[in-house]
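Quick notes on the structure that follows.
The values are calculated or read from the model by the stated rules, or taken from the named source; none is laboratory data. Predicted model, so just to flag it, every value in this text is computed and none were measured. Every residue, glycine among them, receives a Cβ derived from its backbone with ideal geometry; neighbour counts consider all protein chains shown.
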Amino acid sequence: MNWQIKEVEGYAYFMERGYRVSVPIVDISGYDFIAERDGKFLRVNVKVAGLKNPKDRNSWAISKSGASSDATCDVFLVYLPHKETFIELPGSYFHGSSSKCKRIP
């Protein structure tokens, strides 16, 4: 699965919900694009979930990059391969956790 394709599908996810999507022309760490609707801007970081423990088929998790922080992302848009769908998690999802990988409840 190509993460770049999932990022483009993330643009479509927000556009289908009435957002205008702006993509940075330079490399921005912490978020992949901006989604705007009715004057409200969201910094979106697209993630593809993976199994934290391959032996546990329910251990889906996401990892944050070293550059990601709670201050630079408003929404994690997470693709769940086993459900073939996206879910939204708040940008504060990793707040209070020292781990770079966190399980999705």
When you check THR72 against the structure, is it closer than 16 Å to GLU7 by Cα and of a type outside the set (A, V, I, L, M, F, W, C), yes or no? no
Considering region 35-68 alone, what residues qualify as being more than 12 Å from the chain's Cα centre (by Cα), closer than 21 Å to HIS95 by Cα and either modelled with pLDDT under 90 or crowded, with 17+ Cβ neighbours inside 10 Å (or both)? LYS52, TRP60, GLY66, ALA67
Which of the strands (runs of 3 or more DSSP E) contained wholly in region 1-82 include at least 3 residues that are free of Cβ contacts under 8 Å to residues at least 40 places away in the same chain? 20-22, 33-37, 40-48, 75-80
Considering only region 74-100, state which residues are modelled with pLDDT under 90 and surrounded by 12 or more Cβ atoms within 10 Å (Cβ to Cβ). PHE94, LYS100
